[in-house]
Amino acid sequence: KRDMVAELQVLAERDILTGLPNTRAFEAAITRRLHDRIPFALLIADMDSLAEFNRDEGYAAGNEALRRLAESLASSLGPDDEVARVGSDEFAVLIPVHSSGDGSRRAALLERMLASGRARTTVGWAVHPHDGENALALYRAASERLYARKVMRSYVRPRAALREAGR
């Protein structure tokens, strides 16, 4: 019975598609970090093109793109970092930091590392305690930065294309 309970515990805390920890496991991880009161950053990574993968190439291709993104995320992190799949195309990462600027630098680095063709990923960030004292405040700050970056990208790319066409 103990082995079965242990196996069920693992299954309850893992995302079935990617094998990464799921939202439940992520909530426990961020709670531990908040309890320890040591500065850390919450990075939220969102795959920009999942809807297009699913529409153009089918759900199997979209699922494969998510698996590759999860593998890239997991392999790019350090031993003190934690990653989880927390939404259909959204991943959360917890990393230790020394200053609030470390969060933005790590988010930019992660975004560059994950850039590959159609599977572009946008990363937002928040740093504890600078951006919030609890998980909800941190998640809101990271999400706001993520979506601000998406809006800026959608504005900058078309303008850059227009400039290139005018040459």
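The values are calculated or read from the model by the stated rules, or taken from the named source; none is laboratory data. Here the structure is a predicted model, which is why all the values come from computation and not from measurement. Reconstructed Cβ throughout: ideal geometry from the backbone, glycine too, with neighbour counts over all protein chains shown. SASA here: full protein model, heavy atoms, side chains in, ligands and nucleic acids out. Shrake-Rupley method; radii C 1.70, N 1.55, O 1.52, S 1.80 Å.
Taking the range 126-155 on its own, how many of its residues are open to solvent by less than 70 Å² (accessible area, probe 1.4 Å) and of a type in the set (Asp, Glu)?
So the count comes out to 1.
Inspect all residues belonging to the range 108-125 and state whether any of them is out of contact with any Gly (no Cβ under 6 Å at 6 or more places or on another chain), crowded, with 21+ Cβ neighbours inside 10 Å and assigned to a helix (DSSP H, G or I).
Looking for residues that are out of contact with any Gly (no Cβ under 6 Å at 6 or more places or on another chain), crowded, with 21+ Cβ neighbours inside 10 Å and assigned to a helix (DSSP H, G or I), one finds at least one in the range 108-125, hence yes.
Quick check on the range 80-88. Is at least one of its residues modelled with pLDDT under 90 and over 28 Å from Arg37 (Cβ atoms)?
Looking only at the range 80-88, we keep the residues that are modelled with pLDDT under 90, and these are 87-88.
From what's left, over 28 Å from Arg37 (Cβ atoms): 88.
Yes, there is a match, as at least one residue in the range 80-88 is modelled with pLDDT under 90 and over 28 Å from Arg37 (Cβ atoms).
Which one of Phe91, Phe53 is among the aromatic types (Phe, Trp, Tyr) and closer than 18 Å to Trp125 by Cβ? So that I can check it myself, show each step before the final result.
On the way: Phe53 fails: closer than 18 Å to Trp125 by Cβ.
Being among the aromatic types (Phe, Trp, Tyr) and closer than 18 Å to Trp125 by Cβ holds for just one of Phe91, Phe53, which is Phe91.
Checking the structure you have, find out if any residue of the range 24-36 is within 12 Å of the chain's Cα centre (by Cα) and at pLDDT 90 or above. It would help to see each step written out before you state the result.
Of the range 24-36, the ones within 12 Å of the chain's Cα centre (by Cα) are 26.
Narrowing further to those that are at pLDDT 90 or above: 26.
Looking for residues that are within 12 Å of the chain's Cα centre (by Cα) and at pLDDT 90 or above, one finds at least one in the range 24-36, hence yes.
Is it fair to say Tyr147 is at pLDDT below 85 and among the aromatic types (Phe, Trp, Tyr)?
Values: at pLDDT below 85: no; among the aromatic types (Phe, Trp, Tyr): yes.
No: the conditions fail for Tyr147.
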